[in-house]
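Colleague: I am attaching a structure below and will ask some questions about it afterwards.
The values are calculated or read from the model by the stated rules, or taken from the named source; none is laboratory data. The structure presented is a predicted model; accordingly, all values stated were derived computationally and were not measured. When we count neighbours, we look across all protein chains shown, and the Cβ atoms used for this are built from the backbone with ideal geometry, even at glycine. Calculation scope for accessible area: heavy atoms of the full protein, side chains included, ligands and nucleic acids excluded. Shrake-Rupley method; radii C 1.70, N 1.55, O 1.52, S 1.80 Å.
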Amino acid sequence: KILLHIDAAQKVKRLRLTNCINISGSGLASLRHSISIEQIDLSLVEAHRSPILDSVPPLSCDKVVPILESIISHERNSLKHLQFPHVWRRKEPVDPRFFGSLQRYNEMMENRGPIHCLKCNRNIYSLCMELFVEDDFFGIQDDTCDVCTKNYCHRCSADDNHFSSVCLCRTCERVYCSKCSTMVECGNDCDKMYCELSCLPQNICASPHCSRTFCNSCRSDDACRTCGKSWCVNCNDCMECDWCKIRCCAECSEKDGVNGVHSCDDCENLKVLCDRCRVEVCESSNCKSCAKIIQPVLLKENKKLQDEIKSLKDENKELKDENKEMRRNMDLARMFLR
């Protein structure tokens with residue numbers, strides 16, 4: 001009703017549906033055939049926030065896509081940037097209506113002719129939406145800044161660092177130019193970029209001599225399974241078992257009761273193994289270093305078996321005593337019946 005009241009099709013240039021998580025999209029009908037709208041943000045979240053919502057929003061392709069296509073099909077439209085909901089871009093399989101709207105948007109942008117990078121003046125041919133479904137950029141304009149909607153090519157670097165002039169933040173899934181948002185790189189050199197605001201990962205390298213931060217995907221890959229600590233690629237203090245692939249840091253590997261991961265420098269085939277795997281595979285090995293590594297493990301296993309045997313013996317004695325008591329009671333019962 002608000003859009004209809006203000007004559008949105010003729011007056012609104014930018015529309016952001018921030019926190020409008022309960023709308024279906026039918027109210028956007030007043031934007032049909034708009035020639036003034038330049039930017040539409042359907043992500044439902046504010047900038048520098050993850051677009052992944054707790055529940056699936058009711059925003060419907062059935063209702064929104066026809067409205068977008070009525071704008072795209074108008075020859076004099078001003079549209080230059082669209083931001084779609086995360087659930088639309090990551091739905092499997094992709095909704096064919098949504099995919100079709102991306103294709104028609106690309107055709108519209110291509111028909112406008114070449115657009116020049118504001119930094120180097122090169123022609124930009126990739127202003128269109130990414131159509132490769134498996135790509136992280138799918139459904140995103142990777143050369144257009146979400147804030148200023150200015151266009152830069154990826155060959156141009158920012159003035160104060162080696163990063164591209166436009167980068168995709170992997171948390172909020174928006175593209176920013178270097179003037180609108182400072183970007184930082186994952187400390188584990190995985191090439192992922194993040195806004196230097198709330199999108200910045202808070203996973204700090206566990207080394208006391210390092211202050212690097214890195215992304216959640218790198219943390220889950222490299223974390224010690226015992227203490228949960230993570231290290232950057234330069235300070236990595238974890239080793240991974242060649243057999244079962246569990247990871248354990250040097251500190252935890254020396255603790256009692258921990259299935260630590262150790263390296264054997266004297267063994268050709270059994271280099272890096274956790275204690276349990278080394279016990280299983282080194283029976284046929286004559287390596288003294290391996291035997292030294294697993295000696296504490298074998299002693300613990302032996303003690304555990306001895307404790308289990310003692311417990312079984314105690315349980316057996318208790319059962320025998322109960323059996324004797326039952327027999328005594330039965331004899332007394334027979335005497336009473338006589």
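Colleague: Counting only C-alpha contacts under 8 Å and six or more residues apart, can you give the relative contact order of the range 164-215 as a whole percent?
Modeller: 29 percent
Colleague: Return the single residue from MET326, MET129, MET109 with maximal mean-square fluctuation; model: Gaussian network over the chain, springs between Cα atoms under 10 Å.
Modeller: In this elastic network of the chain, the residue with the biggest mean-square fluctuation among MET326, MET129, MET109 is MET326.
Colleague: Let me ask something additional. Which residue, GLY228, GLY100, GLY257, tops the fluctuation ranking in a GNM of the chain built on C-alpha contacts under 10 Å?
Modeller: Most flexible of the set in this elastic network: GLY257.
Colleague: A further question on this structure: In degrees between 0 and 90, to the nearest 10, how far off the longest principal axis of the chain does helix 288-337 point, with axes built from Cα atoms?
Modeller: Its long axis makes an angle of about 60 degrees.
Colleague: What is the calculated FRET efficiency for ASP321 to LYS300, with r their C-beta to C-beta distance and R₀ = 51 Å, to the nearest 0.05?
Modeller: Computed FRET efficiency for ASP321 and LYS300: 0.95.
Colleague: Restrict the search to the range 53-150; then list the trypsin sites (Lys or Arg not before Pro) that DSSP places in a loop and that have at most 14 other Cβ atoms within 10 Å of their Cβ.
Modeller: ARG76, LYS91, ARG112, ARG122
Colleague: Moving on. Determine the sum of side-chain charges near THR171: Lys and Arg each +1, Asp and Glu each -1, restricted to other residues whose C-beta is under 10 angstrom from that of THR171.
Modeller: +3
Colleague: Share of the range 45-103's accessible area from carbon and sulfur, percent, 1.4 Å?
Modeller: Answer for the range 45-103: carbon and sulfur cover 50 percent of the accessible area.
Colleague: For CYS117, what charge total do you get from the other residues with a beta carbon under 12 Å from its beta carbon, if Lys and Arg give +1 and Asp and Glu give -1?
Modeller: Value of the local net charge: +3.
Colleague: Could you tell me what percent of the accessible area of the range 115-215 is made up of carbon and sulfur, with a 1.4 Å probe and every protein chain present?
Modeller: After summing per-atom areas, the C and S share lands at 48 percent.
Colleague: Take every Cα pair under 8 Å in the range 2-132 that's 6+ residues apart, average their separations, divide by the length, and report that relative contact order as a whole percent.
Modeller: Reported relative contact order: 23 percent.
Colleague: For the chain, what does -39500 (n - 2.57) per DSSP helix run (n ≥ 4), summed and divided by total residues, give at 222 nm, in deg cm²/dmol to the nearest 500?
Modeller: -10000 deg cm²/dmol
Colleague: First select every other residue whose beta carbon is under 12 angstrom from the beta carbon of ASP95; then total the charges, Lys and Arg +1, Asp and Glu -1.
Modeller: Local net charge: +2.
Colleague: Against the longest alpha carbon principal axis of the chain, how many degrees, from 0 to 90 and to the nearest 10, is the axis of helix 96-111 turned?
Modeller: Approximately 40 degrees, to the nearest ten.
Colleague: Please give the per residue accessible area of the chain, computed with a probe of 1.4 Å over protein heavy atoms only, in Å².
Modeller: 60 Å²
Colleague: Another question, then. What is the helix-to-structure angle for 61-72, meaning the angle in degrees between its Cα long axis and the longest Cα principal axis of the chain, kept from 0 to 90 and rounded to the nearest 10?
Modeller: That works out to roughly 30 degrees.
Colleague: Here are some pairs, LYS119/LYS179; LYS255/LYS303; LYS80/LYS119; LYS11/LYS119; LYS229/LYS255; which of them have Cα atoms lying more than 20 Å apart in this structure?
Modeller: LYS11/LYS119, as the Cα separations exceed 20 Å there.
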